[in-house]
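S.K.: Take a look at this one; I'll ask things after.
The values are calculated or read from the model by the stated rules, or taken from the named source; none is laboratory data. Keep in mind that what you see is a predicted model, and the values were worked out from it rather than measured. Note that we place each Cβ from the backbone using ideal geometry, even for glycine, and neighbour counts take in every protein chain shown.
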Amino acid sequence: MTMSDSTIDYQKLRLDGIYKQNDAGDLMLRIKIPAGVLSAEQALKISDISERFSNGNLHLTTRGSIELHWLRYPDLATVAAQLAAVGLTSRGACGGAVRGIACSTTFAPGFETAQALARRLHRHFAGNPHFEGLPKKFKISVDAGYQKARHLIQDVGLVHVGSQRYDVWIAGGLGRQPQAGFLFEKQVAEERLIPLIEAIVRSYRKHTPPPKRLKFLANQLGEARLRELIRDEQTEAPESFPFCLLEQALTPNPATAGIVEFPVFAGELPAADLRGLAAIAAEHSGGFLAITANQNLAFIPADSRARQTIEAALTTSGVESAALGAKAAFRICPGSHLCRMGLALTRDITRQVLNVLGPKGQQLDWAISGCPNSCAQVQLADAGILVTKAVKAANGERQPRFSLLRRQGEDLGEAVASDLSLDDLLQTVAGLG
């Protein structure tokens, strides 16, 4: 069965987590992974789908989702059915909806509590028509602590502060106009979170013109007025939301034996490697893997003996990540390798950057985004590389231009050098101390 491009409504496909990848009819599908924790069974199914309907590779995102590329329209219904068979969906992973609930992967104390809450929120918001058809995307994260500051870039960022209570931050976001969120309320009890988030979403829907984010509303009205709107919405909502008492984290407490992290260069993982990692997880890690914010995979062993077993299994499994994946922490969007918005070949540029980094530079947390949308969260990295535009060179080819960002203190990173050519960029990062 073939479909002409004119018969496909790509805008409607977005709510099902599907973007048009190129003008040849290839599609990207983003799979929501609840709390970024993936079961061995789900990993095997995604591997099968990738090999059958994609190109045998998958992309791990900075928000704990998985993207498949090179899909074709006639296969989408079969792919959706196979994902549903293992409890997964792509509904709301793109478009104007509450996106996948990102979960802390700093593996700080409280990770298991944050993970359980993220799964509850996923179950409540994912695919719920009350939280679709929004002016634009709406992002929520749950973090076990303030490390890495991911709460600053969310529409709603929840930070666990102990005793089942959370600080609530709102109206953050990146893109072409990055803006840090502000602290809306401290020490919110867990049972109040869903009614509060619902009130925030309703305020956003009622008062924000498409295609703007909540941060736009905060800028237009001011923090005080936005608080009033949300407070008015809460007066019509229940004061608490009963949670299932049987809800539990899917993995042990990372504080018990730490984690075993498997480095994945550029977040690009062959399906065959994921299958091998799933087998290790099934046998030695309680049947689960976690996708980290740096686009790696992590095993969370129950004790030190399990940790040693996992490390040994990785050594003998034949599963290999790219050597560069372990050289430095480096978040990467697919750039023009896979994305229509991309202005640069981000994987190639990353390899060149890694080749010139000195020992001090390798200790930094890095990120590169292939366009100003900042999908790789460059403003949260110690050092971020942002492709700002592409200019026509003397030979007629379009060449990317870069900004180098550095993060100091608690706020978002800012540009310390702009309008750099690739050679300029490499010289600059080589000199970082």
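S.K.: Say whether the condition of being at pLDDT 90 or above, out of contact with any Cys (no Cβ under 9 Å at 6 or more places or on another chain) and outside any loop (DSSP other than H, G, I, E, B) is met by at least one residue in the range 335-347.
M.R.: Checked the range 335-347: at least one residue is at pLDDT 90 or above, out of contact with any Cys (no Cβ under 9 Å at 6 or more places or on another chain) and outside any loop (DSSP other than H, G, I, E, B).
S.K.: From the list Leu226, Leu196, Leu214, which one is closer than 17 Å to Asn128 by Cα, surrounded by 19 or more Cβ atoms within 10 Å (Cβ to Cβ) and either touching a strand residue (DSSP E or B) at 6+ places or on another chain (Cβ under 9 Å) or at pLDDT below 95 (or both)?
M.R.: Among Leu226, Leu196, Leu214, only Leu196 is closer than 17 Å to Asn128 by Cα, surrounded by 19 or more Cβ atoms within 10 Å (Cβ to Cβ) and either touching a strand residue (DSSP E or B) at 6+ places or on another chain (Cβ under 9 Å) or at pLDDT below 95 (or both).
S.K.: In the range 181-193, how many are within 19 Å of Thr208 (Cβ to Cβ) and surrounded by fewer than 19 Cβ atoms within 10 Å (Cβ to Cβ)?
M.R.: 1
S.K.: A further question follows. Using the structure shown, decide if Gln82 is in contact with an Asp or Glu (Cβ under 9 Å, 6 or more places away or on another chain) and modelled with pLDDT of 95 or more.
M.R.: Judged against the criteria, Gln82 is a match.
S.K.: Separate question: When you scan the range 267-291, how many residues do you find that are surrounded by fewer than 24 Cβ atoms within 10 Å (Cβ to Cβ) and under 20 Å from Cys375 (Cβ atoms)?
M.R.: 1
S.K.: Within the range 87-106, is even one residue surrounded by fewer than 16 Cβ atoms within 10 Å (Cβ to Cβ), over 30 Å from Val159 (Cα atoms) and in the same structural domain as Ile259 (by TED's automatic domain parsing)?
M.R.: No, that holds for no residue.
S.K.: Of the residues Ser50, Ser6, Ser39, which single one is polar (S, T, N, Q), out of contact with any Lys or Arg (no Cβ under 8 Å at 6 or more places or on another chain), surrounded by fewer than 19 Cβ atoms within 10 Å (Cβ to Cβ) and at negative phi?
M.R.: Among Ser50, Ser6, Ser39, only Ser6 is polar (S, T, N, Q), out of contact with any Lys or Arg (no Cβ under 8 Å at 6 or more places or on another chain), surrounded by fewer than 19 Cβ atoms within 10 Å (Cβ to Cβ) and at negative phi.
S.K.: Additional query: Considering only the range 229-331, give the strands (runs of 3 or more DSSP E) lying wholly within it that have at least 1 residues that are at pLDDT 90 or above and over 25 Å from Gln115 (Cβ atoms).
M.R.: Output list reads 268-270.
S.K.: Consider the range 346-365. How many of its residues are under 23 Å from the mean Cα position of the chain (by Cα), among the hydrophobic types (A, V, I, L, M, F, W, C) and surrounded by fewer than 16 Cβ atoms within 10 Å (Cβ to Cβ)?
M.R.: The qualifying residues number 0.
S.K.: So, one more: Out of the residues in the range 125-140 that are over 16 Å from the mean Cα position of the chain (by Cα) and within 14 Å of Ile33 (Cα to Cα), state the one that is surrounded by the most Cβ atoms within 10 Å (Cβ to Cβ).
M.R.: Phe125
S.K.: The conditions are (1) under 18 Å from the mean Cα position of the chain (by Cα); (2) of a type in the set (S, T, N, Q); (3) buried (at least 18 other Cβ atoms within 10 Å of the Cβ), and Asn373 fails exactly one of them. Which is it?
M.R.: The single condition Asn373 does not satisfy is (3).
S.K.: Look through the range 41-53, keep the residues that are in contact with a strand residue (DSSP E or B) (Cβ under 7 Å, 6 or more places away or on another chain) and in contact (Cβ under 8 Å) with a residue 40 or more places away in the chain, and return whichever of them is nearest to Ala290 (Cα to Cα).
M.R.: Here the answer is Ala43.
S.K.: Residues of the range 134-145 being out of contact with any Ser or Thr (no Cβ under 6 Å at 6 or more places or on another chain) and either modelled with pLDDT of 95 or more or of a type in the set (S, T, N, Q) (or both), which ones?
M.R.: Leu134, Lys136, Lys137, Phe138, Lys139, Ile140, Ser141, Val142
S.K.: Determine the pairs where a residue that is closer than 18 Å to Asn57 by Cα, located within the range 273-286, has a partner that is of a type in the set (Phe, Trp, Tyr) with Cβ atoms under 8 Å apart, the partner being 6 or more residues away or on another chain.
M.R.: Close Cβ pairs satisfying both conditions: Leu277/Phe262.
S.K.: Could you grab me the full set of residues in the range 142-168 that are at positive phi and either assigned to a strand (DSSP E or B) or crowded, with 24+ Cβ neighbours inside 10 Å (or both)?
M.R.: Once the filter is applied, which keeps residues that are at positive phi and either assigned to a strand (DSSP E or B) or crowded, with 24+ Cβ neighbours inside 10 Å (or both), the range 142-168 yields only Gly162.
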